[in-house]
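*Asks:* After the structure tokens below, expect a handful of questions from me.
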Amino acid sequence: MSASLPGDRELPHSQYDLNTYWGRVRHAADISDPRMLFVSSAGLEQAKRLISSYKQNEVPTMNAELWRAKKVVDSTLHPDTGEPVFLPFRMSCYVLSNLVVTAGMLTPGLKTTGTLLWQIANQSLNVAINNANSNKSTPLSVSQMAKSYLMAVSASCSVALGLNALVPRLKNVSPNTKLILGRLVPFAAVSSASALNVFLMRSEEIRQGIDVYPVPEKEGEPVQSLGRSKVAAKIAVGETAISRVLNATPIMVVPPLILVQLEKRKLLSPRMVLPANLGLVLATSLFALPLALGAFPQRQAISAASLEEEFWNRGGKDGKVEFNRGM
């Protein structure tokens with residue numbers, strides 16, 4: 001995020017140990033912190049000035065104010081372009097952007113039209129978020145984006161409608177089990193379509209490759225791209241797809257199962273179903289997102305020997321190269 005700011009000195013990647021899962025979770029919690037949405041344009045400019053002062057060696061070491069500035073920049077600017085990500089599609093807005101759509105998909109008793117409309121809304125949002133946060137070294141054209149969007153929407157609607165039709169026909173299954181399975185249909189549709197959506201929206205990365213860089217011998221040392229790697233792109237896109245499924249699993253499973261139990265025990269009146277659904281989705285999302293984003297490093301480092309032959313023996317520290325996985 002700071003590469004586009006003036007100065008030759010690079011910032012540390014994080015104040016947490018990104019080699020550990022918990023360190024990555026804490027780093028992801030910073031990037032996805034909804035409070036960053038309240039940072040004004042003036043606040044962003046101030047954060048950029050502070051970071052530039054560090055990069056120009058005007059500030060000797062990182063301090064609390066600089067870490068705060070880095071958090072603002074990391075949660076606002078795209079790491080490849082240095083430009084602000086459109087606010088509704090930032091990771092700091094991810095929970096709020098998905099709240100209404102997710103609650104809509106999990107609404108009990110949806111008919112065919114409702115199922116289709118909510119699946120279309122969800123995939124539309126996924127397309128926007130995946131495109132806004134992807135590796136920008138190989139962007140999709142408008143026509144490719146439109147084609148990928150239509151395929152993702154078709155896949156999610158097909159899975160949702162197919163399972164909605166299949167569950168009532170199941171034999172030797174108790175009514176209670178059918179009820180639970182019916183509530184979990186959106187999970188199956190969203191998980192499969194979310195993973196497919198990532199592959200479709202970032203297909204150009206797989207075809208053309210993404211930029212890889214030698215791991216610097218000393219943190220903060222500037223590096224130049226070694227070229228584009230298709231192997232690195234497959235790793236980046238695959239891991240991002242898995243993280244999307246990991247994020248969707250608790251959000252699409254926990255709230256409906258809790259709602260089923262509350263309704264069975266008559267602890268929830270019909271008018272309270274929607275508020276309870278929204279509250280459960282919000283609470284689950286706030287915890288699930290950093291846990292899913294932390295599953296894999298955003299700045300991935302791997303052995304140069306595991307990439308195409310042109311990158312062999314061109315790695316930096318410990319013979320490794322790194323790349324931006326994307327969010």
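*Asks:* With +1 on the Cβ of every Lys and Arg and -1 on the Cβ of every Asp and Glu, and nothing else charged, how large is the dipole of segment 91-324 about its Cα centre, in debye rounded to the nearest 20?
*Replies:* Using Cβ point charges on Lys, Arg, Asp and Glu, segment 91-324 gives about 1220 debye.
*Asks:* Shifting gears a bit: So, in segment 91-324, how many Lys pairs have Cα atoms under 23 Å apart, if the pair is 8 or more places apart or on different chains?
*Replies:* Eligible lysine pairs with Cα atoms under 23 Å apart amount to 18.
*Asks:* Just flag the trypsin sites (Lys or Arg not before Pro) in segment 195-238 sitting in loop per DSSP whose Cβ has no more than 13 other Cβ atoms within 10 Å.
*Replies:* The qualifying sites are K218.
*Asks:* Would you mind computing the Rg to Rh ratio of segment 184-228 from its alpha-carbon coordinates, Kirkwood style for Rh?
*Replies:* My calculation of the ratio gives 1.29.
*Asks:* Could you state the orientation-averaged shadow area of the convex hull built on the Cα atoms of segment 200-327, in nm² to one decimal?
*Replies:* Quarter of the Cα hull surface area: 10.2 nm².
*Asks:* Among F38, N19, S75, which residue has its Cα positioned farthest towards the positive end of the charge dipole of segment 1-81, with +1 placed on the Cβ of Lys and Arg, -1 on the Cβ of Asp and Glu, and the dipole taken about the Cα centre?
*Replies:* Of the listed residues, the answer is F38.
*Asks:* Let me ask something additional. What whole-number volume per residue, in cubic angstrom, does the convex hull of the C-alpha atoms of the chain give?
*Replies:* Spelled out: Cα convex hull of the chain, divided by residues, is 149 Å³.
*Asks:* I need the Kirkwood Rh of segment 142-245: take the reciprocal of the average 1/r across all distinct C-alpha pairs and report it in angstrom.
*Replies:* 16.5 Å
*Asks:* May I ask for the Rg/Rh ratio of segment 1-81, computed from Cα atoms with Rh as the Kirkwood radius, given to two decimals?
*Replies:* Rg/Rh for segment 1-81 comes to 0.95.
*Asks:* So what are the radius of gyration and Dmax for the Cα set of segment 43-151, in Å?
*Replies:* So, for segment 43-151, Rg and Dmax equal 18.8, 62 Å respectively.
*Asks:* Follow-up question, since we're still on this one. With a probe of 1.4 Å, find how much accessible area segment 91-324 has per residue, and write the answer as a whole number in Å².
*Replies:* Each residue of segment 91-324 exposes 47 Å² on average to a 1.4 Å probe.
*Asks:* Using a 1.4 angstrom probe on heavy atoms only, work out the carbon and sulfur share of the accessible area of segment 1-81 in %.
*Replies:* The value for segment 1-81 is 52 percent carbon and sulfur by accessible area.
*Asks:* If you roll a 1.4 angstrom probe over the protein chains with everything in place, what fraction of the accessible area of segment 91-324 belongs to carbon and sulfur, to the nearest %?
*Replies:* On segment 91-324, the fraction of accessible area on carbon and sulfur atoms equals 65 percent.
*Asks:* With an 8 Å cut-off on Cα pairs and a minimum separation of 6 or more residues, tell me the relative contact order of the chain in percent.
*Replies:* This gives 21 percent for the chain.
*Asks:* Roughly how many whole Å is it from the C-alpha centroid of segment 184-211 to that of segment 89-103?
*Replies:* 18 Å
*Asks:* Moving on to the next point. In whole Hz and in residue order, list the ³J(HN,Hα) couplings for segment 224-237 that follow from phi through the Karplus curve 6.51 cos²θ - 1.76 cosθ + 1.60, θ = phi - 60°; x for Gly and Pro.
*Replies:* 10, 4, 8, x, 9, 10, 6, 5, 4, 5, 5, 5, 4, 5
The values are calculated or read from the model by the stated rules, or taken from the named source; none is laboratory data. The shown structure was predicted, so the numbers you read here are calculated from the model rather than taken from an experiment. Reconstructed Cβ throughout: ideal geometry from the backbone, glycine too, with neighbour counts over all protein chains shown. All accessible areas refer to the heavy atoms of the entire protein, side chains included, with ligands and DNA or RNA removed. Shrake-Rupley method; radii C 1.70, N 1.55, O 1.52, S 1.80 Å.
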